[in-house]
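Notes follow the structure.
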Amino acid sequence: MAHVSIRDVRKAFGTVSIIKGVDVDIQDGEFVILVGPSGCGKSTLLRMIAGLEDISSGDIRIGPRIVNDVPPKDRDIAMVFQSYALYPHMTVAENMAFSLKLKGVPKPEQKKRVTEAASSLGLTPLLDRYPRQLSGGQRQRVAMGRAIVRDPQVFLFDEPLSNLDAKLRVQMRAEIKELHQRLKTTTIYVTHDQIEAMTMADKIVVMHDGIVEQVGAPLELYDRPANRFVAGFIGSPAMNFIEGRLGPDGLGLPSGAVLPLDMKSQAEAGSEITYGIRPEHLQIAPAGTPGSIPATISVIEPTGSDTTLIVKAEGGNLTVVLRERCALKPGEAVALKPVPRQAHLFDAQGKRIATA
Amino acid sequence: MTEWLSPEEWTAIRLSLKVALVAMAASLIPGIAAAYALERGRFWGRQALDVFVHLPLVLPPVVVGYALLISFGRRGPIGAFLAENFGIVFSFHWTGAALACAIMGFPLLVRAIRLSLETVDRKLEDAAGTLGAHPVWVFCVVTLPLILPGIIAGMVLSFAKAMGEFGATITFVSNIPGETQTIPTAIYTYTQVPGGEGGALRLTLVSVAISIAALWISEWMARRVRRRFLA
Ligand SMILES: Nc1ncnc2c1ncn2[C@@H]1O[C@H](COP(=O)(O)OP(=O)(O)OP(=O)(O)O)[C@@H](O)[C@H]1O
Ligand SMILES: [Mg+2]
């Protein structure tokens, strides 16, 4: 187990800058998730931690040691890839014993450790099979087993669940979490799935375009997003945004309507701001209710447990999630009433400016 | 069987097999190294190496043979050096035929290996690195088994090319019965003399049989490898 620290790390492929100065500290035993949209540089950063990609500048430390120039084999890590990267010419047992064989661990000891890991992952009956004879979920487990057997300082996962179906993904999510609680190995896990990030992480690092937008515990990011990007990225369905101008009585909308604000903000009156509200923080009220947003129901999507409404309001579509079933019909005029003290305000640069 | 073929014909067949097998075996390791360097390497002069390796594929064989003659011949700079210092002689010797065949078959060997290297998932090699493997070990334990079918295919191409090589061989080492006369040059000789049709036909049949056998063996090996190693 080890502490990992990333200091002002940058990466350019040729002249194209991909990682533009990242600072992250990962405590010993922590489960950290790197999340962000496709192409933001998550895999690149992970591969730099693994030593598979050179660092253009900055420092990466694993434990007390700067590993910038240490080859992957000496970093004492184990990486699990999205494509699993199992050796097609080796059986499950041979795949799992790979790192032990390299270390020159005696055969009986190898067998013991592989058997242990296999039984904890439910792979015992599959040890003599080849990867091609396994299902996607089983391959995924073998890849994890191979990493566990190495007993590294740090686990690196690059979207390990992306190739699995939804149900298996939920199950493996819980298994990986459980595994981490048992082994307590420092883990860095990349995903673009914010639900995975919210449910598994001790700490989430939200990346965007080669920089870190925010680092924090899952609910911290949800409750207090540092900027508009994080606000829109974390949470599903995504937060609603309404553009307007800060007036003395609240948010002035382009039509002249005013939405009262129940929070203090440091922004100057008259400045352009963005009002953000999560779909579950909007309530349906009769049309014309004062202090609300006039809207027209456009689509109703019942999911069983709750109902998602897409409504047309000034400035575009908004999403509303209702816990209860509703008797509304498309085309109906309603008013959207924000739940008190749940809105977020962002300035023209997208930075959070208000504290509810 | 022995009566069916004349002693001269037997000699040509034996020599052809020896030349082709030696050419194939000798070019195997340089072939793998060249394929790896061209596919994975990022070094100065890679383009030039690529062109150089492929030259025998596009040059007239006679030109390659002549180039060998002036460089590896007894008076050629490399030939003279090797003969004086190591006693290795190529000119008008069966080893020269093997050298010519190896060079003519080299681009085919390299191409086949390179194609299969291209299909190797780099993540497999990356994973081995993160599991603690030295790059040399990664190559031997991961990459090499995965490209084995390509290597086998390349070896067959190289062998087949050597069995049929004519222009470079005859230019470099001539057509000396018992020393440098291979099946193709022997067939050529038979067609030039009256009453040689029988010999030419018999050697042609033998040549066809050897080619089919080589293909069949390689198919069988490739299938075994694939069954053992790959999906
Ligand atoms: N070897 C490379 N050469 C040039 N550009 C590269 C290379 N590898 C990655 N990139 C670029 O770097 C950027 C980040 O890639 P990266 O794979 O890190 O994204 P990601 O965040 O993992 O995305 P995804 O969620 O789709 O996996 C991309 O724009 C990609 O095109
Ligand atoms: Mg990626």
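Some points to look at:
- Remark: mean inter-chain Cβ contacts per residue of A:79-86 equal 5, using a 10 Å Cβ-Cβ cutoff to other protein chain atoms.
- Å² per residue, accessible surface of chain A at 1.4 Å: 44
- Solvent exposure ordering (accessible area, 1.4 Å, most first) of B:PHE92, A:PHE155: B:PHE92, A:PHE155
- Sum of side-chain charges, A:ILE300 neighbourhood, beta-carbon under 11 Å (Lys, Arg +1; Asp, Glu -1): 0
- Alpha-carbon centroids, region B:120-180 and region A:125-188: separation in whole Å: 36
- The mean number of Cβ atoms from other chains found within 10 Å of a Cβ in peptide A:92-101 is 2, as a whole number.
- Residue with peak Gaussian network fluctuation, chain B [Cα springs, cutoff 10 Å], from B:PRO177, B:PRO135, B:PRO145: B:PRO135
- The GNM of chain B, with springs linking C-alpha atoms under 10 angstrom apart, assigns the highest mean-square fluctuation among B:MET155, B:MET104, B:MET221 to B:MET221.
- For the residues of A:47-55, the average number of beta carbons from a partner chain within 10 Å of their own beta carbon is 2.
- Pairs beyond 29 Å (Cα-Cα), from A:LYS177/A:LYS312; A:LYS11/A:LYS351; A:LYS111/A:LYS177: A:LYS177/A:LYS312
- Candidate aspartates and glutamates - alpha carbon under 19 Å from B:LYS161, same-chain residues fewer than 8 apart omitted: B:GLU219
- Here the 3J(HN,Hα) profile of region A:57-65, calculated from phi with Karplus coefficients 6.51, -1.76 and 1.60 at θ = phi - 60°, is 7, x, 10, 10, 10, 10, x, x, 9 Hz, Gly and Pro shown as x.
- GNM result for chain A, Cα springs below 10 Å: residue of A:ALA118, A:ALA313, A:ALA226 fluctuating most strongly: A:ALA313
- Against chain B, whose longest principal axis is taken from its Cα atoms, helix B:46-58 shows a tilt of about 30°.
- Its Cα centre serving as origin, region B:7-230 has a Cβ charge dipole (Lys and Arg +1, Asp and Glu -1) of approximately 540 debye.
- Per principal axis, descending, Cα span of region B:1-149 in whole Å: 59, 43, 31
- Working note: Cα atoms of chain A, range along each principal axis, descending, whole Å: 78, 46, 34.
- Lys/Arg +1, Asp/Glu -1 at C-beta; region B:7-230 dipole; positive extreme among B:THR11, B:CYS140, B:ILE176: B:CYS140
- In chain A, the longest principal axis of the Cα atoms and the axis of helix A:166-183 are about 60 degrees apart.
- Applying a DSSP loop filter and a limit of 15 other Cβ atoms within 10 Å to the GluC sites (Glu not before Pro) in region B:1-91 leaves B:GLU3.
- With Cα atoms, 0 to 90° folded angle of helix A:107-120 axis to chain A main axis: 30
- Alpha carbon centroid spacing (whole Å) that separates region A:279-356 from region B:53-106: 83
- Sorting the segments B:121-132, A:292-303 by their residues' average number of neighbouring beta-carbon atoms within 10 angstrom, most packed first, yields B:121-132, A:292-303.
- Our note on the geometry: Cα centres of region B:204-222 and region A:237-269, 82 Å apart.
- Mean residue ellipticity (222 nm) of the protein assembly as shown, computed from DSSP H runs ≥ 4 via -39,500 (n - 2.57), nearest 500: -14500 deg cm²/dmol
- Rounded to 5, the percent of DSSP beta bridges in the protein assembly as shown classed as antiparallel: 75
- Over 23 Å (Cα to Cα) - which of A:LYS107/B:LYS123; A:LYS42/A:LYS203; A:LYS42/B:LYS123; A:LYS167/A:LYS329 fall in this group: A:LYS107/B:LYS123; A:LYS167/A:LYS329
The values are calculated or read from the model by the stated rules, or taken from the named source; none is laboratory data. Fair warning: this is a prediction, and the values are worked out from it, not measured in the lab. Virtual Cβ from ideal backbone geometry, glycine too; neighbours counted across all protein chains shown. Keep in mind that these areas ignore ligands, DNA and RNA; they rest on the heavy atoms of the full protein, side chains included. Shrake-Rupley method; radii C 1.70, N 1.55, O 1.52, S 1.80 Å.
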